[in-house]
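To keep things clear, I will list the structure first and then write my remarks on it.
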């Protein structure tokens, strides 16, 4: 069981972009000082809706994908509107949304997995085509991840929007006083995070030709762990996309390594929990020190 074997690396690279794509949205959202715990459920619901529309509704796959996308936009918009306009913490709002979305996925499928689209076609190839480089097998999701990462780096570190996002996360009131449309930015970030989660879910469903109402369970925490390990502050104001990419690679490698050395994969959850706690403690200590000095 060689960690660096082509098979192992290919397996890791099949899975990494799917979580990585969600992590990009989460990085931007966390930098603005908000959370989204509903991403794992959206990852599960979007492909389920797409497949039901195609298989039971007889819709064209392109139209079904568009419907799935619109659903993700709606979920993100509801999250964002409740958080910004009613002023409830995003932790609680998106935790409730997780239950609603996961419940919807379970209800419309009666809890059964669906066989997904396995016929090759434009959209399937676009989202989950595969190609070989030497002995390594990669999926188009890797290109998606790389492209979206570059876009996210540009937005967060080079665009005006990135300044706004960081300013809102550091001190929302000061940002608003300077004319930053904080609520609008946050709503768009919730929508973006939701859309990326749905996109990742569809990529995953096409890759394994199956879609399950419980797909993505627990992903919200794994993604948050990737983002904080990478150095994005859990309390907002400071984010790094490159850090998130490194965090995603680290966590997936560790997950992979844990399985290879024979520790049951289930122990991985312990690890994710410990990491989030450790980063929270570290962050709190750093803030105490900063306040003291």
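Read the figures in this text as sums done on the coordinates, not as results from a lab. Note that the structure is predicted; figures quoted are calculated from it, not measured. In this analysis, Cβ positions are derived from the backbone assuming ideal geometry, glycine residues included, and neighbour counts consider all displayed protein chains.
Descriptive notes on the structure:
- Using alpha-carbon coordinates, inclination of helix 268-292 to the longest axis of the chain, degrees: 20
- Alpha-carbon Debye profile of region 239-287, log10 I(q)/I(0) at 0.25, 0.26, 0.28 Å⁻¹: -0.97, -1.00, -1.04
- The label-point distance for residue 147 and residue 77, in a model that sets each label 7 Å from Cα toward Cβ, rounds to 2.5 nm.
- Only DSSP H runs of four or more residues enter the estimate; each adds -39500 (n - 2.57), and after division by the residues of the chain the mean residue ellipticity at 222 nm equals -24000 deg cm²/dmol.
- Over region 184-236, volume per residue of the alpha carbon convex hull, in Å³: 93
- Taking 0.36 nm per residue of separation and subtracting the Cα-Cα distance, full extension of the segment from residue 174 to residue 136 would add 8.7 nm.
- With R₀ fixed at 22 Å, the C-beta to C-beta distance from residue 91 to residue 208 puts the FRET efficiency at about 0.10.
- For the peptides 239-246, 134-141, the ranking by mean Cβ contacts within 10 Å, running from highest to lowest, is 239-246, 134-141.
- In summary, the convex hull built on the alpha carbon positions of region 204-272 has an orientation-averaged projected area of 5.8 nm².
- Once the gyration tensor of the Cα atoms in region 73-198 is diagonalised, the equivalent ellipsoid follows with semi-axes of 33, 24, 10 Å, ordered largest first.
- Here is the size of region 128-270 from its Cα atoms: Rg then Dmax, 17.6, 56 Å.
- For q = 0.15, 0.18 Å⁻¹, Debye-computed log10 I/I(0) when each Cα of region 34-84 counts as one equal scatterer: -0.44, -0.58
- Relative to the dominant Cα principal axis of the chain, helix 90-109 is inclined by about 10°.
- Convex hull volume per residue for the chain, taking Cα atoms only, in Å³: 143
- Gyration tensor (alpha-carbon) shape descriptor, region 1-82, a/c threshold 1.5: oblate
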